[in-house]
Each structure stands twice: as C-alpha cells, then as structure tokens.
Amino acid sequence: KDSDDRIIDPAKLVGDDLKEIKANISKLLGSGHPFLNTVARHYFSGEGKHVRPLLVLLIAQATSIADKKSLASNIDYKSIDTPISHGLKNITTNDVFDRKLHYTPSVTDQGCIILPTQRRLAEISEMIHTASLLHDDVIDASMTRRNLPSANASFGNKMAVLGGDFLLARASLALARLRNAECIELMATCIANLVEGEFMQLRNTKEGESGKVKKLSTFDHYMEKTYMKTGSLIAQSCKASAVLGGSTKEVANIAYDFGKNLGLAFQLVDDMLDFTVTAAELGKPAGADLKLGLATAPVLFAWEEYPELEPLIKRKFSVKGDEEKARDLVYQSDGLKKTLDLAQIHCKLATDALYKLPASDARSALVQITEKLLTRRS
Ligand code: FPP
Ligand code: MG
Ligand code: MG
C-alpha cells in the first residue's frame, strides 16, 4: 500500500452527487403511463447500494488528474438535459433538473473534477443494472429484492419485463445525449454482455469467434459468464467515465482493468454469500443458486475434492436430495475458502490497476471499497 493512502469516506467525496442520483433517474423515467412509471421506478424506492454510480464518480475524480488527451472544449452540456418527448400531444418530462448542479463540474480540494456528463453516466450505469435486475427476477422467479417484494411479485412478469425494457430505452436515450460515440459503444457492449452472460448461465456453451458453439472447461465457462453478467458493466462504466473525462487510452484501460477485476471479485463474493448468509441479511433469497440448478465457484471447487458431485452438477441438482447433498459437500470442502481466495486475487489486480493512477483521495477511497468487498455480508 502507498504511504500516502489515507482513510477516506467516499460519501464525503461524492456524497452530494450520489444523493441526486435517485431523484434524477426518477425524472428520466417519466412516461405517458402512470403505472409504467410505477413499475420502472419500483427498485429505486428501496435502499440500493449504488455501487456502479459510486465507482463511476470516484473514477471520474481519480482519472481527472491523470494524463489527458487535449479535451475538446465543445462538450454540449445542454443536450444532457433536453426534455424527453413522448406521445402525440408532445408531452415532455425531465425539464425540472437543477441547472446549476447539472451544468457545473464539481471540483475537490485536490483539483479532482466530476463533469456533468460523468454524473449522468453514473445514473445510466444504475439504470442498466436495474433493468437487468427486473429481467433477472423474472428469469429466477425471485419474489424479493432489497427486502421488498420484487417487481414481478408486485406487478406480474409481463409488466416487470416491460419495465426493464423501458429503463433500458431511457438509459439509451440519456447515453445518446452525452454525444460521445466511444462511450455509447462501451455501454452498448456491456448491455449485450449482460444478455450473453445470462444465456451462458442457461446453456453451458459459448458462441466462438467463428460463430461455432464452443465448449469451455467448466471453470473457464463460469469465469467467462461471471465477466459477462457482472464484470463487463462495471468495467465499461469505469472506462466510459475516464473516456468522458478526456483520459488517454492508457488511463481509460487502467479504469477498465480496475472495474473488470473488482466486478469479478464482487460476483465471486456474491456466489459465496449465497451459501453463508441468511435471506434476511441478503434482502433476497439465500441458497438460491443450487435451487436454480447453478454450480457456482464454491461447488466447482468442492467438485475437485469430491468427484461424487459431478452427476449432481450435470443434472442441475434436479433429483430430490441433490441440493442438500451438494450444500453439505460444499461446507465440508475448501470450496468457500477457495472462492474467497480467488476473489482476493482479483481485488489485488484491481488495486494494482489503481496504483497506476496518481495518488488522490478518490484513489484511496477506491482502494478501500475494493478491500472492504472481501468482508461484505450483503
Ligand atoms: C443478477 O444475478 C443478474 C445479473 C447480474 C444480470 C442479469 C441479466 C439479464 C437478465 C439479461 C437482460 C439484461 C438487460 C440489460 C435487460 P443473480 O441472479 O445471480 O443475482 P441475484 O441474487 O441478485 O438475483
Ligand atoms: Mg437472480
Ligand atoms: Mg439470475
């Protein structure tokens, strides 16, 4: 660790910007139908962790004092907040943003800057994530999220799917208005990756470069899927934040490497917590993965010690008693410890990337978030 690393409260650095996120997203979700508004806004009523926006804002600060391309001075900030029109009667929403907040970059006492475009990217990353959760809870038939009834439990599958689609559409509109083609490319890639990851989870194959279906080793398949469903959105959001700030390619790639490894570690810990933590602590069902037929890292590591797990994994724990037997073998094995060890390796790669950036409070905060991830309980 660098000697100049201080204990930094991320809330002090980006708390004001973060507070605005929920209200701003709500404004981006105005539609011609009041019930659609309710469905699309459902997951913003509870207490989300806002991991992705927090990372986007801190990366904005941490990369702002690193190497820059000559930043084009003609950023069209006004386009960020153009009212959204919908319906035959030219109804518009989204015209009540706080102008001062939205057009003025914020600057810390170390000279680290967050641009209005980066603030909006933080909101977009949370909208894409939430869209995927609306669809995920339908696919997983999950009845709770964040200690509240899921959207599908509250409004039914059809409306939950449409609510997710709507969120994705409004995120795309907000993204187009950032007027940055590279940023659109990055975020469009991660939306596709989310779907690919979910598909890899349903079918144990991956589409190869040649378009031919390729069979990966089980663990490679799991890690690839993990990148697709969790790593990609965090990685591309961090990179896009650096890109919007005018960072060089090198700095943007550092942001990507940080986000990718943090995302992989985050999901590995998530898959471990599914075995170790109660539903009350998680705010969503615990022990869900085996029930869904999924063999995540703890099971795959346990399989190395207990070959008798193989038939259970192959039949997706579908025979009565499979789930209990697999769970017991995971607890008897080193599977949970090995999962945490692998998460630790990716946390180290994430901090290695951060230390390539110049020292700043934002960088220290990102290091702390990365280290705390290994001890999170929910
Ligand atoms: C949560 O995983 C789910 C994801 C990280 C991604 C889900 C992606 C889709 C459903 C594809 C559609 C994507 C879009 C953008 C509409 P989990 O089920 O392991 O976690 P959980 O325990 O929080 O439910
Ligand atoms: Mg789920
Ligand atoms: Mg799922």
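Number of residues in region 29-66 that are without any contact (Cβ under 8 Å) to a residue 24 or more places away in the chain and in contact with a Gly (Cβ under 8 Å, 6 or more places away or on another chain) equals 1.
Would you check if Pro307 is in contact (Cβ under 8 Å) with a residue 24 or more places away in the chain and in a loop (DSSP other than H, G, I, E, B)? No, not satisfied. Residues in region 356-378 that are outside any helix (DSSP H, G or I), at pLDDT 95 or above and buried (at least 21 other Cβ atoms within 10 Å of the Cβ): Leu357 alone. Output the residues belonging to region 22-50 that are closer than 20 Å to Pro83 by Cβ and touching an Asp or Glu at 6+ places or on another chain (Cβ under 8 Å). Answer for region 22-50, where residues must be closer than 20 Å to Pro83 by Cβ and touching an Asp or Glu at 6+ places or on another chain (Cβ under 8 Å): Asn24, Ile25, Leu28. Considering the conditions (1) away from ligand 1 (no atom under 16 Å from the Cβ); (2) modelled with pLDDT under 95; (3) open to solvent by 30 Å² or more (accessible area, probe 1.4 Å), Gly245 is excluded by exactly one of them, (3). Restricting region 263-276 to residues that are under 20 Å from the mean Cα position of the chain (by Cα) and under 11 Å from Leu340 (Cβ atoms), the residue that is surrounded by the most Cβ atoms within 10 Å (Cβ to Cβ) is Leu268. Cβ-Cβ distances below 6 Å connect the following pairs, each with a first residue in region 140-164 that is farther than 17 Å from Gly48 by Cβ, a second residue that is away from ligand 3 (no atom under 16 Å from the Cβ), and a separation of six or more residues or different chains: Phe155/Val39; Met159/Val39. The criterion of at least 3 residues that are more than 16 Å from ligand 2 (Cβ to nearest atom), open to solvent by 40 Å² or more (accessible area, probe 1.4 Å) and within 19 Å of Leu194 (Cα to Cα) is met by the following helices (runs of 4 or more DSSP H) wholly inside region 111-183: 157-176.
With the requirement that a residue be among the polar types (S, T, N, Q), open to solvent by 80 Å² or more (accessible area, probe 1.4 Å) and assigned to a loop (DSSP other than H, G, I, E, B), what does region 310-355 give you?
The answer is Ser318, and nothing else.
Residue count for region 277-309 under the criterion of being more than 16 Å from ligand 3 (Cβ to nearest atom), farther than 17 Å from Thr218 by Cα and loosely packed, with under 15 Cβ neighbours inside 10 Å: the result is 3.
Here is a check on your reading of the model: is Ala160 out of contact with any helix residue (DSSP H, G or I) (no Cβ under 6 Å at 6 or more places or on another chain), farther than 24 Å from Pro83 by Cβ and hydrophobic (A, V, I, L, M, F, W, C)? Please lay out each step first, then the result.
On the way: out of contact with any helix residue (DSSP H, G or I) (no Cβ under 6 Å at 6 or more places or on another chain): no; farther than 24 Å from Pro83 by Cβ: yes; hydrophobic (A, V, I, L, M, F, W, C): yes.
Here the answer is no, as Ala160 does not meet what is asked.
Do we find that Thr205 is among the polar types (S, T, N, Q), modelled with pLDDT under 90 and either closer than 30 Å to Gly30 by Cβ or away from ligand 1 (no atom under 16 Å from the Cβ) (or both) in this structure? Yes. Note on region 106-141: residues that are away from ligand 3 (no atom under 16 Å from the Cβ) and not small (Gly, Ala, Ser) amount to 18.
Suppose the filter is open to solvent by 10 Å² or more (accessible area, probe 1.4 Å), of a type outside the set (S, T, N, Q) and in contact with a Phe, Trp or Tyr (Cβ under 8 Å, 6 or more places away or on another chain); does Lys260 pass it? Here the answer is yes, as Lys260 does meet what is asked.
The values are calculated or read from the model by the stated rules, or taken from the named source; none is laboratory data. Because the structure is predicted, anything quoted here is derived from the model rather than measured. Neighbour counts are summed over all protein chains in view; Cβ atoms, including those assigned to glycine, are modelled from backbone coordinates with ideal geometry. The area values use the complete protein model at the heavy-atom level, side chains included, leaving out ligands, DNA and RNA. Shrake-Rupley method; radii C 1.70, N 1.55, O 1.52, S 1.80 Å.
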